[in-house]
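Provided herewith is a single structure, encoded as structure tokens, for subsequent inquiry.
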Amino acid sequence: MVHFVGAGPGAADLITLRGARLLREADVVIYAGSLVNPELLHGCRPGCALHDSARLTLDEVIALMERAEAAGKTTVRLHTGDPSLYGAIREQMDALSARGVAFDVTPGVSSLFGAAAALEAEFTLPGVSQSLIVTRLAGRTAVPEGEKLSRLAGHGASMAVFLSAGMLEGVRAELLEGGCAADTPAAIVYKATWPEEKVVRCTVGTLAEAGAAAGVSRTALVLVGGFLDAPYENSRLYDPTFSTGYREAKT
Ligand code: SAH
């Protein structure tokens, strides 16, 4: 059996209880070494075989899984954050299905939530935004035309931009081109939840300078939107004059 497990954003105690158990029980662990906190591997069994996938191709990863499976071993494939976001798990799951290898998926805390926690922010603020756009700037990996950052920028929604901290000029240019005002609040969160976490608050117009001044060019998220710094309304959920399925309005 192969278990895909979300490692969480960085801090070793932000993996789920299930993920931690699977990791403790694994015979083979294939981890995304560029971003997974090595502390997470300290709890692995003494004989556990550890492989850093940063050095491997898809075929090599699948071959390791197949070999473990043939030997009746349990494999954990440890991905950073939640594996469903930029995790390249679909291709692995399809390759395993084609070979008749059973697998399951354990979710993880995405770095986008680690970043929100670091910022003490709420993405879905009443009166500001009720939507979150999770995206990236086109780089060596293309982005479908309709999802270009400039096409998404005009919504005014909260945005979490992955994999783009090394292209902050480009992020700014596309946001401005798409109609985002230069004074729209923005933030760069480097290594959210790691001890070396850095939080840089700026605006869309100053993104590139702020990133350069902080020396951040990788392992960071760019957050954009009024949710970072705009007047908002309190939620209806806890409004005393508002009835919910669980509570009558106080008159
Ligand atoms: N599946 C992961 C994302 C993997 S893609 C998740 O759910 O978080 C890798 C990108 O994620 C990085 O380029 C960066 O943009 C972001 N990232 C991953 N860990 C991060 C962290 N601790 N802090 C800030 N950004 C992070």
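Taking the Cα centre of the range 62-219 as the origin, how large is its charge dipole in debye, to the nearest 20, when only Lys and Arg (+1) and Asp and Glu (-1) carry charge on their Cβ atoms?
Details: 14 positive and 17 negative charges, 73 e Å.
Using Cβ point charges on Lys, Arg, Asp and Glu, the range 62-219 gives about 360 debye.
Go through the chain and flag any cysteine with no other cysteine's C-beta closer than 4.7 Å, please.
Cys with no partner Cβ under 4.7 Å: CYS180, CYS202.
Which whole-number value in Å² is the accessible area per residue of the range 1-147, probe 1.4 Å? The partial results should precede the final answer.
Numbers: 7390 Å² over 147 residues.
I get 50 Å² per residue for this part.
Right, here's the next one. Going through the range 94-142, which trypsin sites (Lys or Arg not before Pro) have at most 15 other Cβ atoms within 10 Å and a DSSP loop state? Before the final figure, lay out the partial values.
Numbers: sites: ARG99, ARG136, ARG140; in loops: ARG99, ARG140.
For trypsin sites (Lys or Arg not before Pro) across the range 94-142 that sit outside H, G, I, E and B with at most 15 neighbouring Cβ atoms in 10 Å, the list reads ARG99, ARG140.
Ok, one more. I need the GluC sites (Glu not before Pro) found in the range 168-201, filtered to DSSP loop residues with at most 10 other beta carbons within 10 Å of theirs.
Those satisfying the criteria are GLU196.
So, one more: Quantify, in whole percent, the carbon and sulfur part of the accessible surface of the chain (1.4 Å probe; protein heavy atoms only).
Working: 6770 of 13040 Å².
With neighbouring chains kept in place, the figure for the chain is 52 percent.
May I ask you to evaluate 6.51 cos²θ - 1.76 cosθ + 1.60, the Karplus curve with θ = phi - 60°, for each residue of the range 39-53 and list the ³J(HN,Hα) values in order in whole Hz, giving x for glycine and proline?
4, 4, 7, 5, x, 6, 4, x, x, 5, 8, 10, 10, 8, 6
For the range 119-251, just say rounded, prolate or oblate: build the C-alpha gyration tensor, square-root its eigenvalues into a ≥ b ≥ c, call rounded for a/c under 1.5, and beyond that prolate if a/b exceeds b/c, oblate if not.
On the way: a/c = 2.34, a/b = 1.79, b/c = 1.31.
Judged from the Cα gyration tensor, the range 119-251 comes out prolate (a/c at least 1.5, a/b above b/c).
Just want to confirm a number: the relative contact order over the range 2-106, from Cα pairs under 8 angstrom separated by 6+ residues, in percent. All intermediate terms of the calculation are to be shown ahead of the outcome.
Numbers: 167 pairs, mean separation 45.1, N = 105.
Normalised by residue count, the contact order of the range 2-106 is 43 percent.
A further question follows. Picking from PRO107, PRO38, PRO240, which is most flexible by a Gaussian network model of the chain using Cα springs under 10 Å?
Greatest mean-square fluctuation among the candidates belongs to PRO240.
So for the range 1-148, Kirkwood radius off the Cα pairs, Stokes-Einstein at 10 °C and 1.306 mPa s: how many µm² s⁻¹?
It comes out at roughly 96 µm²/s.
For a protection proxy built on the mean count of beta-carbon atoms within 10 angstrom, sort 40-48, 150-158, 214-222 highest first, please. Write down the numbers at each step before the final one.
Details: 40-48: 13.6, 150-158: 17.7, 214-222: 19.4.
Going by the mean number of other Cβ atoms within 10 Å, highest first, we get 214-222, 150-158, 40-48.
Still on this structure, please answer the following. For the range 111-228, what is the relative contact order in percent, using Cα pairs closer than 8 Å and at least 6 residues apart in sequence?
Details: 242 pairs, mean separation 36.8, N = 118.
Computed value for the range 111-228: 31 percent relative contact order.
Then there's this: Would you please calculate the Kirkwood hydrodynamic radius of the chain over all C-alpha pairs and express it in Å, rounded to one decimal?
This gives a value of 19.9 Å.
The values are calculated or read from the model by the stated rules, or taken from the named source; none is laboratory data. These figures come from a predicted structure and were not determined experimentally. Heads up, the Cβs are rebuilt from the backbone with ideal geometry, glycines too, and the neighbour counts pull from every protein chain shown. Ligands, DNA and RNA are stripped out before the accessible areas are found, and what is left, the full protein with its side chains, is counted by its heavy atoms. Shrake-Rupley method; radii C 1.70, N 1.55, O 1.52, S 1.80 Å.
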